[in-house]
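K.L.:
Submitted below is the structure of interest, expressed as structure tokens.
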Amino acid sequence: MADVDSSKLEMPDFVDPGGYGEVSGEITVPGTVGKSQADEYNTLDEPVRETVMRDLRAVGTKFYHVLYPKEKKALLKEWDLWGPLILCTFLAMMVQGSEDADSSDGGPEFAQVFVIVWVGAAVVTMNTKLLGGTISFFQSVCVLGYCLLPCCGSLILCRLILIATQNKLLFILRFIATVIGFVWATFAAMVFLGDSQPSTRKALAVYPILLFYFVISWLILSHTNV
């Protein structure tokens, strides 16, 4: 058998057994042109302003879904606590009592409002989980916090009404605004949390949510310090 000269044997630069052509390159994310998956989700080199604006847009989108609660999973897909923190801080600043020791205003202190909101949301969430809820703890707190938005809207209206000299008519207007905020907040929370509860226990899950927003609404209505 004749010896074959190995120097004359050359391997091809590219072997294509399947006939698909050159397939080397970077994996791209759908909807992005010229960006790899690593580049799309790498935010280490992202400017701070861009990061903040993206988070604010996400919070604004969740606020919109609370005002128009149609998509039941809108607040559960990517939960966050930025919106609840903003609303809780605003609520605590607006309804806190006067720092003057001689003042007759009996409004709660800033820390007390903070505790009422966060502890109340945690208790309602624990009740939801004990009843067999299928969502996580932080998803429930996120929903309850974001649904404070209608209550904060009624608070703004009540503060504007308090500027005028008070009478029975203005109190009725404040009462109506507070009731609307309470009903809207409760309805929105039930839209987002309703499907996470067993059908036989939904009534037991609704009562703590009603009580939570009732306490917040009572703080708003009973506060008379301008």
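Every number in this text was worked out from the coordinates using simple rules, so none of it is lab data. Nothing here was measured: the structure is a model prediction, and the numbers come from that model. In this analysis, Cβ positions are derived from the backbone assuming ideal geometry, glycine residues included, and neighbour counts consider all displayed protein chains.
K.L.:
Which peptide among 165-174, 146-155, 67-76, 131-140 comes first, and what is the full order, when sorted by highest mean count of other Cβ atoms within 10 Å? Walk me through the intermediate numbers first.
P.N.:
Values: 165-174: 12.0, 146-155: 23.5, 67-76: 14.8, 131-140: 16.7.
So the peptides 165-174, 146-155, 67-76, 131-140, ranked by packing, come out 146-155, 131-140, 67-76, 165-174.
K.L.:
Sticking with this one: Quick one: compute the contact order of region 45-222, relative version, from alpha carbon pairs under 8 angstrom and 6+ residues apart, as a percent.
P.N.:
Computed over region 45-222, the figure is 28 percent.
K.L.:
Across region 197-203, in residue order, what do the Karplus-derived ³J(HN,Hα) couplings come to in whole Hz, using 6.51 cos²θ - 1.76 cosθ + 1.60 with θ = phi - 60° and x for Gly and Pro?
P.N.:
Once θ is set to phi - 60°, the couplings for region 197-203 become 9, x, 4, 7, 10, 5, 5 Hz.
K.L.:
Using only the alpha carbon atoms of region 45-222, find the Kirkwood hydrodynamic radius as the inverse mean reciprocal pair distance, in angstroms to one decimal. Walk me through the numbers on the way to the answer.
P.N.:
On the way: mean 1/r = 0.0583 Å⁻¹.
One over the average 1/r among Cα pairs gives 17.1 Å for region 45-222.
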